[in-house]
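A short worksheet on the structure shown next.
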Amino acid sequence: MSAWLRRYGKWMIILPPLLYLLVFFLIPFAFALKISLSETALRVPPFTDILTLSTDGHPHLALNFGNFKYLFTDEVYGLSYLYSLKTAFFSTLICLALGYPMAYAIARTSKSTQNILLLIIILPFWTSFLLRVYALEGIIRENGLLNTALLWLGVIHHPLQIMRTTLAVYFGIIYSYLPFMVLPLFATLEKLDNSLLEAAADLGSPPWRSFLDVTLPLSMPGIIAGSMLVFIPAIGEFVIPTLLGGPDNLMIGRVLWDEFFGNRDWPVASAVAIVFLILLVGPIALYQHYNTQQLEV
Amino acid sequence: MNERVSPFLLTILCIGIAILYVPIIVLIAYSFNASALVSVWGGFSTSWYGALLHNEQILDAAWLSLKVGVVVSTGAVMLGTLAAIGLVRFARFRGRLLLIGMVNAPLVMPEIVTGITQLLLFISMLHLIGWPHRGFLTIVIAHIAFCTAYVTITVQSRLRTVDRSLEEAAMDLGSGPVRAFLDTTLPAIMPALASSWLLSFTLSLDDLVISSFVSGPGASTLPMVIFSKVKLGVSPDINALASLVIGAVGVCVVLAGYLMRRTERQRVLDMQLAER
């Protein structure tokens with residue numbers, strides 16, 4: 001029994017999760033690749049087989065690269081990729097501008113205050129994402145809190161149209177992903193050695209200069225990790241542009257959804273997903289690199 | 001670094017926290033609005049909460065989501081813990097890199113891509129082997145895949161800090177390796193298992209995109225029902241439902257945090273006593 005356990009026990013631990021993730025996470029990508037190379041067909045499932053046996057028993061491989069070509073000829077796809085990139089990029093920048101001072105402030109409080117503030121920052125992450133996006137609608141809609149407050153203050157005289165605009169999409173992404181920016185930034189800023197800043201001050205460096213020379217470079221891993229944690233989900237965002245955005249806010253997640261449920265063109269949808277994935281490899285690799293670096297520190 | 005926080009930083013911190021909380025607070029306040037018009041305050045009322053109890057569609061969806069959540073988090077904790085033990089305890093095995101990649105990828109993979117690929121797998125499997133039919137089962141299978149990743153990461157970091165000498169001592173005293181693990185290391189990683197169970201449960205309960213893809217006719221989870229209603233605009237009964245969900249999750253998280261900190265403190269105390 002013991003010898004058997006020593007020999008095979010290791011695999012009894014490793015194999016269940018390995019096989020599960022292989023079958024239900026990795027292999028599906030192979031299916032998506034396969035289907036992206038097939039053609040739409042009026043049948044169930046709605047695409048052709050790429051490998052068929054001809055009547056005399058010879059296998060016949062019919063690869064159709066038309067779906068990928070189609071992505072480059074119909075400008076909807078290119079434009080929505082670019083639009084998603086742009087939206088994700090600028091919302092990441094705004095999150096960084098807002099999240100950095102927040103993380104910095106939290107890192108400068110006492111240990112017990114830090115714990116409470118972190119809980120306050122994390123708590124929204126645990127509450128439903130969908131419901132938070134919905135809650136935001138209550139603030140920015142035409143008769144929502146923001147417009148009511150601004151009208152009351154006399155800043156504006158007509159309610160602002162924010163819902164169904166690009167601005168609403170930015171609000172949604174920043175509101176939803178701000179905690180993801182603050183937490184990694186806090187993790188690096190908390191570890192920052194104060195004596196370095198004191199040394200810089202002793203040598204006559206003004207505070208802004210010490211910040212640029214010491215704090216900013218040392219917090220770079222946190223900046224990269226936080227930015228990627230906002231950028232990567234933002235670029236594939238579906239719920240926010242659908243609920244808050246207008247018809248112009250065609251992000252790639254929305255195009256994918258429509259292609260799948262609206263047009264029921266599964267081969268093209270698979271091709272969109274594959275290309276999207278290839279575009280994401282860069283940011284993901286960057287994130288992994290800095291994340292492992294941060295773990296090693 | 002402990003220093004005085006400048007007023008400028010404090011202001012931005014307050015603005016940031018306000019951004020995070022004001023929408024939720026306003027939502028909860030409006031769930032008690034007697035008026036059906038979302039823009040008019042018609043006095044305090046709990047009628048929307050009462051209306052929820054008679055909404056069959058929402059009750060069915062909530063029940064389905066809870067069932068999915070319990071099965072998913074239990075399955076994910078088992079698989080994820082095994083994966084974490086494998087990665088921490090066995091430095092070298094065939095497929096180690098593959099496993100590391102597969103537990104990290106779901107954290108950064110856009111849900112919409114995971115959802116589409118898993119749907120395509122289920123469709124192809126149904127076509128080839130006549131199983132599984134889309135519904136409860138496919139939602140559970142798909143959720144376990146991404147929740148396992150979160151569990152593995154959480155348990156792995158806890159497992160790394162566990163002192164192995166206790167386990168070795170138990171083995172020296174004649175315990176088998178499995179028994180020694182169950183008696184010494186498992187209690188030490190229990191808080192991580194509990195928190196990753198809760199994390200999986202919340203993630204599963206909250207998932208809209210993947211469920212929408214892999215679910216079949218007749219199996220709508222709570223987020224799917226909420227999404228289809230919310231697309232049409234703000235409605236007072238969804239305000240009530242949202243407040244209930246947010247309240248329940250908030251209480252759970254605070255409670256879990258408190259319990260975990262207490263067990264952790266107890267454990268540290270025990271260790272100090274043992275070292276004396």
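The values are calculated or read from the model by the stated rules, or taken from the named source; none is laboratory data. Here the structure is a predicted model, which means the values were calculated and not measured. Backbone-built Cβ (ideal geometry, glycine too); neighbour counts: all protein chains shown.
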Filtering segment B:95-130 for residues that are more than 8 Å from chain A (Cβ to nearest Cβ) and modelled with pLDDT under 85 leaves a count of 1
Among B:LEU166, B:LEU159, B:LEU182, B:LEU137, the single one that is closer than 18 Å to B:THR117 by Cα and aliphatic (A, V, I, L, M) is B:LEU137
Could you run through segment A:159-195 and say how many residues are more than 23 Å from A:LEU229 (Cβ to Cβ) and within 10 Å of chain B (Cβ to nearest Cβ)? 4
Is it the case that segment A:191-214 has a residue that's under 30 Å from A:LEU136 (Cα atoms), out of contact with any Asp or Glu (no Cβ under 7 Å at 6 or more places or on another chain) and surrounded by 14 or more Cβ atoms within 10 Å (Cβ to Cβ)? no
Can you work out which of the residues in segment B:241-269 that are β-branched (Val, Ile, Thr) and touching a Ser or Thr at 6+ places or on another chain (Cβ under 7 Å) is nearest to B:THR202 (Cα to Cα)? B:VAL249
Under 22 Å from the mean Cα position of the chain (by Cα) and of a type outside the set (A, V, I, L, M, F, W, C): is that true of A:PRO159 in this structure? no
Please name all residue pairs, on different chains or six or more residues apart, with Cβ atoms under 6 Å, provided the first residue is in segment A:66-84 and is over 24 Å from A:VAL239 (Cβ atoms) and the second residue is part of a helix (DSSP H, G or I) and at pLDDT 85 or above. A:ASN67/A:SER36; A:ASN67/A:PRO267; A:ASN67/A:VAL268; A:ASN67/A:ALA271; A:PHE68/A:ALA271
Would you point out which residue out of B:LEU182, B:LEU159, B:LEU126 is closer than 27 Å to B:LYS67 by Cβ and either part of a helix (DSSP H, G or I) or under 28 Å from the mean Cα position of the chain (by Cα) (or both)? B:LEU126
Per the filter on segment B:29-45, residues more than 9 Å from every other protein chain (Cβ to nearest Cβ) and either outside any loop (DSSP other than H, G, I, E, B) or within 23 Å of A:ALA97 (Cβ to Cβ) (or both) are B:ALA29, B:ASN33, B:PHE44
Counting just the residues of segment B:135-150 that are of a type outside the set (Ser, Thr, Tyr), surrounded by fewer than 24 Cβ atoms within 10 Å (Cβ to Cβ) and away from chain A (no Cβ under 11 Å), which one comes out nearest to B:PHE213 (Cα to Cα)? B:GLY135
Checking the conditions here, which among B:LEU186, B:LEU208, B:LEU232 is at pLDDT 85 or above and closer than 25 Å to A:PHE129 by Cβ? B:LEU208
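Which helices (runs of 4 or more DSSP H) does segment A:187-297 wholly contain that include 3 or more residues that are of a type outside the set (A, V, I, L, M, F, W, C)?
Ranges flagged: A:194-202, A:207-210, A:220-235, A:266-296.
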Quick check on this structure: which one of A:ALA201, A:ALA168, A:ALA187 is farther than 30 Å from A:LEU250 by Cβ, modelled with pLDDT of 90 or more and among the aliphatic types (A, V, I, L, M)? A:ALA187
Yes or no: segment B:168-179 includes at least one residue that is of a type in the set (A, V, I, L, M), over 21 Å from the mean Cα position of the chain (by Cα) and crowded, with 17+ Cβ neighbours inside 10 Å. yes
Of the residues B:GLY16, B:GLY75, B:GLY86, which is within 7 Å of chain A (Cβ to nearest Cβ), more than 24 Å from A:TYR177 (Cα to Cα), buried (at least 16 other Cβ atoms within 10 Å of the Cβ) and not aliphatic (A, V, I, L, M)? B:GLY86
Residue satisfying all of: in segment A:190-206; of a type in the set (Asp, Glu) and farther than 20 Å from A:MET220 by Cβ; nearest to the chain's Cα centre (by Cα) among these: A:GLU198
When the residues of segment B:226-276 are narrowed to those that are outside any helix (DSSP H, G or I) and within 11 Å of chain A (Cβ to nearest Cβ), which ends up nearest to B:LEU52 (Cα to Cα)? B:SER235
Given (1) touching a helix residue (DSSP H, G or I) at 6+ places or on another chain (Cβ under 9 Å); (2) facing chain B (nearest Cβ under 10 Å), where does A:ILE156 come up short, assuming only one miss? (2)
